[in-house]
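I have placed the structure first, in the form of structure tokens, so that the comments after it can refer back to it.
Each reported figure results from applying straightforward, stated rules to the coordinates on display, with no laboratory input. Computed from a predicted structure; not experimentally measured. Here the Cβ positions follow ideal geometry from the backbone for every residue, glycine too, while neighbour counts run over all protein chains shown.
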Amino acid sequence: MSEPLELQGADRDEGTVVLNMGPSHPSTHGVLRLVLDVDGEVVTRCRADIGFLHRGFEKIAENKTWTQFITWTDRMDYLAPVSNNVAWALAVEKLLGIEVPERARVLRVLLCEMARVSAHLLWLGTHALDLGAATVFFYTFQQREILYDLYERLTGARFTTSTVRIGGMARDIPEGWLDDVRAFADQVTKVIDECDRLLTRNRIWLGRTQDVGIISREDAIAWGCTGPVLRGSGVEWDVRKAQPYLDYDQYDFEIPVGTVGDVYDRYLVRMEEMRQSVRIIRQAIERMPDGPLNADAPKVVLPPKEKVLTSMEALIHHFIIVTEGFHPPEGEVYHAIEAPKGELGFYIVSDGGPSAYRCRIRPAAFVNLQVIEKIAVGQMIPDVVGIIGSLDPVMGEVDR
């Protein structure tokens, strides 16, 4: 067994002190522990200690049916559960070789962008609070409450929605829901602009974020960063544009990128991403078509309730899918989406059984977090707080 992190590095300079930040420190955004070697106020070494949640999602995926695992994906990046649902569903649908109807594709896009706005609003509120700007927190959480109400009306749940299904969606849009989403898009844009006015040119905010935690373009690529962390370093890479899924290539939106790669650039990128997500939300509302919500795949998709009550064939399909699950062909696939934290991908291997033979999750938050061990060195202790917030880790995804 290796020695504890705080005992490692016995060759540290005389006068260096070991400082534990977390796992219950409010700025670590979950059970993250950083072991810092500090010389006065300057960090000379940083090691991230993770694994406090002990979740084992990948092994769980191998012991649950393809549909049952949807509820577990909710609990990875629990700030954007719908994105996780969609990523898993797309991977399994790729394995099955089925494509969902256009109405389901548009609704998935709409929900994923709502999830991106929701996750970034929480990031903005907590990140600002960490650095002393309390007012922004109340603005952003007020908007998130509206989003939770919209989710509840559509899915029946506010937080872990589990609304996506293999082959489509669990339920259709309630009457008047799209109008309320459109009203939210108008309102949240004003709140984003107000937060922009409060922070972007604020001298204190600039002092806490500019030239802090710089990730060069080369380092961002070498460490495997994705999402706003990668784009903040000037790399124009977005899975929605580079490897389009759900007809994202038919939507008009821009990819914001930074120039320096510091905490401030990552802040600016996420602020603009929220505006671009609102832009996509409006387009999705306008193009929402009529038609079926689920694919015509009776051995995969549960039949409508009225058919179960009137058709013996539908009843049999319903019984088999619920009790045994479905059996995709043997093979292996990888599918990724642009989640709020970055590239979220599922690599799954099927042996033809009702659950994955092997599952490997590519979590954006886990990969992005590792770079903190490099960029925290040479920074002041309070700057580590800003760096953690700019990386936006969610420990449910890190400790998957």
Check: Using a simple spin-label model with points 7 Å from Cα along the Cα→Cβ vector, what separation in nm is obtained for Gln250 and Arg47?
Finding: 5.2
Notebook entry, point to check: Which parts of the range 82-101 would a label at Phe159 reach, counting a residue when its backbone N lies under 20 Å from a point 7 Å out along Cα-to-Cβ?
Noted result: 82-86
Checklist line | Dipole-positive endmost among Phe141, Ser216, Ile98 within the chain (Cβ charges, Cα centre) | finding: Ile98
Next item on the list: Please identify, among Asp186, Asp74, Asp265, the residue showing maximal mean-square fluctuation in a Gaussian network model of the chain using a 10 angstrom Cα cutoff.
Entry: Asp186
Margin query: Is there a quick way to get the dipole size of the range 246-288? I mean about its Cα centre, with the Cβ of Lys and Arg at +1 and of Asp and Glu at -1; what is the value in debye to the nearest 20?
Written below: 180
Checklist line | Kirkwood hydrodynamic radius of the range 145-223, Cα pairs, Å | finding: 16.5
Next item on the list: Could you pull out every one of the lysines with an alpha carbon less than 24 Å from that of Lys307, ignoring same-chain neighbours closer than 8 positions?
Entry: Lys299
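Counting pairs of alpha carbon atoms under 8 Å apart in space and at least six apart in sequence, what relative contact order in percent does the range 57-398 give?
Details: 604 pairs, mean separation 89.6, N = 342.
26 percent.
With n ≥ 4 as the cut-off for DSSP H runs, can you work out [θ] at 222 nm for the chain, using -39500 (n - 2.57) per run divided by the number of residues, rounded to the nearest 500? If you can, show how the numbers build up before the last one.
On the way: 17 runs with 190 residues, N = 400.
Mean residue ellipticity at 222 nm (helix-derived): -14500 deg cm²/dmol.
Calculate how large, on average over all directions, the projected area of the Cα convex hull of the range 72-150 is; give the answer in nm² to one decimal.
5.9
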Next item on the list: Provide Rg and Dmax in Å for the range 221-322, with only Cα atoms included in the calculation.
Entry: 21.1, 64
Notebook entry, point to check: Of Trp237, Leu111, Ala295, which is farthest along the charge dipole of the range 57-398 in the positive direction, counting Lys and Arg as +1 and Asp and Glu as -1 at C-beta?
Noted result: Leu111
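In whole percent, what relative contact order does the range 111-171 give with Cα contacts below 8 Å and a gap of six or more residues?
Averaging sequence separation for qualifying contacts and normalising by length gives 22 percent for the range 111-171.
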Item checked: Rh by Kirkwood over Cα pairs, then Stokes-Einstein D for the range 80-123 at 1.306 mPa s and 10 °C, µm²/s -> 143
Next item on the list: Just the number, please: Stokes-Einstein D of the range 36-115 in µm²/s, Kirkwood Rh from C-alpha pairs, 25 °C, 0.890 mPa s.
Entry: 159
Next item on the list: Rank these for me by crowding, Met380, Met271, going from fewest to most other beta carbons within 10 Å.
Entry: Met380, Met271
Next item on the list: Note the angle between two axes, namely the Cα long axis of helix 102-130 and the longest principal axis of the Cα atoms of the chain, as a number of degrees from 0 to 90, rounded to the nearest 10.
Entry: 20
Checklist line | Mean projection area, nm², convex hull over Cα of the chain | finding: 20.5
Note to self: With the crude spin-label approximation of a point 7 Å out along Cα→Cβ, what separation in nm comes out for Glu175 versus Asp219?
What the structure shows: 5.7
Notebook entry, point to check: With charges set only on the Cβ (+1 for Lys and Arg, -1 for Asp and Glu), what does the dipole of the chain come to about its Cα centre, in debye to the nearest 20?
Noted result: 620
Item checked: Net dipole in debye of the range 253-334 [+1 Lys, Arg Cβ; -1 Asp, Glu Cβ; about Cα centre; nearest 20] -> 320
Next item on the list: Apply the Karplus parameterisation 6.51 cos²θ - 1.76 cosθ + 1.60, with θ equal to phi minus 60°, to every residue of the range 339-345 and state each ³J(HN,Hα) to the nearest whole Hz, in sequence, with x for glycine and proline.
Entry: 6, x, 8, x, 6, 10, x
Note to self: So if the hydrodynamic radius of the range 267-329 is defined as the Kirkwood radius over C-alpha pairs, what does Stokes-Einstein give as its diffusion coefficient at 10 °C and 1.306 mPa s, in µm² per second?
What the structure shows: 105
Margin query: For the pair Glu102/Thr71, report the inter-label distance in nm, with labels modelled 7 Å from Cα in the Cβ direction.
Written below: 3.5
